[in-house]
Amino acid sequence: MEECPDQYFSSYEDLDAGAKKVYAVEASNIADLAKEVVKENKLDHIIEVIKEKVEDIKIPKVDAIVSEWMGFYLLHEGMLDSVIYARENFLKDDGEMFPESATIFVAPCSIPSLYNNWNNVHGVSLKCFAKELRATKNLRPEIVEVKPEDLLGEEIAYCWVNMREDTAEDLNEFTLKHVVGASKNGNYQGLCVWFECNFPQLPDGTGDGRVVLDTSPKSALTHWKQTVIVLPHEQDVEEGEPIAFELNMSRDPTSSRRYNIQLSMLSPEDVDHPLPCSCHFTKCILTKAVLAQHAERALIENKMDDEKVGIIMDEPIDDDDDDS
């Protein structure tokens, strides 16, 4: 079963995978074109295009549901509710979801496209214009390309979506309080948000068994790019300086397909630091050193245990019978 705007393309991929029947569900007028494409390729005996909302259709149970429901920062546009409905009503108990899980990651970053690029435009300084521009950008997330070198701290998983089990209610709100040490000196100008989707492992053992769609700044650029929540004012940070924040995403009460996003800057003193923490607070430096010592000690002990086992196994076994 396909549940996405590009269903007539992904349906052909299902045929390559050996699908005997494909239900391609699309409520918009593009479904009419999809039917023509299917008919033109003489596949209408296998691919059935259904021009309805998934909530209104009636089909038998299916072996797999494939849907490109992911929006910017994963949750934008809120198509996931329809996919969950399809899972609950049409997927067999042992069926597969494509993708089967997704994770949102966040990390502090710089945004040169909204700052540095305005310092000198053909010899003209437009800093005042850029300031007003950023004031408007602060009202809604920006979709931009963030370079790996623009990240200012280690990413953290913001939330994980289990496509096999999560309900629509599980997606109503996500909140995270976090602190991270700056990985280098730089200008803290926003919070970078991206996502990663995991697909079921290949049953025939081909490849490395892990199929991932990664929209990280460190991966190849996709049409999702990255989502940036712009700060009202940039902050200069030094390497090791703690950056603390709270990020909340909640459904808009007037539109379930939209999320309200709120980013709050916090005092590092008021947030529990992760273990280990990369910031320069004395308690974090000491904790990190102690954890490193324990890890090194455990490694040495494990190595010594392995050597003892090796000595025992290498000792010759005397099978001679002295009484013979």
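Here is how the numbers come out for the structure above:
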read-out: Qualifying residue in region 123-134 (condition: out of contact with any Lys or Arg (no Cβ under 6 Å at 6 or more places or on another chain), more than 28 Å from Val180 (Cβ to Cβ) and among the aromatic types (Phe, Trp, Tyr)); value: yes
read-out: Meets criteria (surrounded by 12 or more Cβ atoms within 10 Å (Cβ to Cβ), over 21 Å from the mean Cα position of the chain (by Cα), of a type outside the set (Lys, Arg) and assigned to a strand (DSSP E or B)) for Met265; value: yes
read-out: Test result for Leu202, of a type in the set (A, V, I, L, M, F, W, C), assigned to a loop (DSSP other than H, G, I, E, B), modelled with pLDDT under 95 and within 28 Å of Met97 (Cα to Cα); value: yes
read-out: Test: residue in region 87-95 that is over 27 Å from Val144 (Cβ atoms), within 16 Å of the chain's Cα centre (by Cα) and not basic (Lys, Arg); value: no
read-out: Single condition Val179 does not satisfy, out of (1) of a type in the set (Val, Ile, Thr); (2) part of a strand (DSSP E or B); (3) more than 23 Å from Lys283 (Cβ to Cβ); (4) touching a helix residue (DSSP H, G or I) at 6+ places or on another chain (Cβ under 8 Å); value: (3)
read-out: Long-range neighbours under 7 Å by Cβ, at least six apart or interchain, first residue closer than 14 Å to Glu234 by Cβ within region 134-154, second assigned to a helix (DSSP H, G or I); value: Arg134/Leu114; Lys137/Leu114; Asp150/Pro112
read-out: Qualifying residue in region 224-239 (condition: over 18 Å from the mean Cα position of the chain (by Cα), buried (at least 17 other Cβ atoms within 10 Å of the Cβ) and at pLDDT 95 or above); value: yes
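Yes/no per residue for (1) charged (D, E, K, R); (2) in contact with a helix residue (DSSP H, G or I) (Cβ under 6 Å, 6 or more places away or on another chain); (3) touching a residue at least 24 places away in the same chain (Cβ under 8 Å):
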| position | (1), (2), (3) |
| --- | --- |
| Glu48 | yes, no, yes |
| Ile57 | no, no, yes |
| Val62 | no, yes, yes |
| Met70 | no, no, yes |
| His76 | no, no, yes |
| Val83 | no, no, yes |
| Glu88 | yes, no, no |
| Gly95 | no, no, yes |
| Ser101 | no, no, yes |
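The values are calculated or read from the model by the stated rules, or taken from the named source; none is laboratory data. Everything quoted here is computed from the prediction, not taken from an experiment. All Cβ positions, even for glycine, are placed from backbone atoms using ideal geometry, and neighbour counts span all protein chains on display.
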